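Below you'll find the structure, written out as structure tokens, and then a few comments.
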Amino acid sequence: MRYNKRLILLLAATPLLLITMIGVGFLMHKDIIRTSEILYQHAQSRRFMETTVTELVNAETGQRGYLLTSREEYLEPYHIAMEFMKVYKTQFERQYQNKSISEDALRKLDSLAEIKLYLIASTIALNREGRGAEALEIIKTNQGKNVMDTIRGLVADINGELDKELLAAENELRRKVTYLLLIMSLTFAISALLSVLGYRTITSERDKRESMLEEIEAQNIQLKEYTKQSYHQLKTPLRSIAGFLQLLQKKFDEKKDAESIELINFSVQATKDMNGLIDDLRNKYL
């Protein structure tokens with residue numbers, strides 16, 4: 001009975017353990033997905049920052065080439081930058097939704113980018129009107145350069161914060177993945193242990209039952225041998241009693257002693273009944 005209880009506990013504990021571990025693993029998996037989404041959002045935000053600076057620099061490069069040569073082909077980087085700015089606002093709104101960057105920093109960047117583009121567009125317009133000298137004077141004030149330096153500083157600060165958050169998110173993701181792997185390994189190890197214990201319990205129970213069956217078989221053989229011996233030991237005195245009773249029956253039959261004959265007849269019948277019972281036992285158990 002002790003082994004049966006142990007086996008029942010093992011069989012009950014195994015699925016409960018697996019279900020618990022699977023549940024924990026599922027929750028960990030959801031956390032890993034959320035952390036991965038944060039990593040993706042931060043990476044997208046950083047790419048947006050870098051692209052914004054790059055396109056503003058391209059616009060500035062096109063502006064300078066055009067102001068120096070008055071040739072429209074030098075404005076190609078500027079036009080490419082302006083194409084980017086057409087989708088800039090859409091990507092900018094996504095950054096608000098991602099919440100990877102503070103709203104104050106985003107608003108400041110947006111304002112500075114508009115100022116920078118306005119200054120570039122103003123000098124280009126002046127040059128097209130034949131007022132290149134005025135355009136160069138605006139550049140000499142370093143207003144555009146100061147705005148661009150402020151943008152670079154702001155983007156560097158934002159990227160610095162993003163890098164910190166990215167590193168923290170990566171460490172968190174690495175930690176959660178490690179925990180998940182540990183949980184999976186622990187689940188496998190415990191499941192294997194429970195399986196081994198269950199196998200040993202079943203094997204032990206089987207060996208115990210086989211031993212009991214062998215013992216019962218040996219006892220049955222002994223019982224049959226004992227029954228054989230008992231059969232012969234009972235039959236021999238019973239034959240002697242039956243023989244003596246037959247002699248007495250003849251003797252009292254000659255004397256016409258009715259009472260004695262009746263008692264002897266009862267005794268003879270009793271020996272016949274006992275003999276029948278012994279034969280029945282032999283036929284049943286031998």
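Taken together, the values in this text are just the output of simple stated rules run on the coordinates, not laboratory data. Note that the structure is a prediction, hence the values are computed from the model and not measured. Backbone-built Cβ (ideal geometry, glycine too); neighbour counts: all protein chains shown.
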Förster radius 25 Å - calculated FRET efficiency between I190 and I33 (Cβ-Cβ, nearest 0.05): 0.45
FRET efficiency estimate (nearest 0.05) - Cβ-Cβ, E137 to E103, R0 35 angstrom: 0.45
Trypsin sites (Lys or Arg not before Pro) lying in DSSP loop within region 44-80, provided at most 16 other Cβ fall within 10 Å: R71
Protection proxy ranking of 263-273, 212-222, 107-117 - average other beta-carbon atoms within 10 Å, highest first: 107-117, 263-273, 212-222
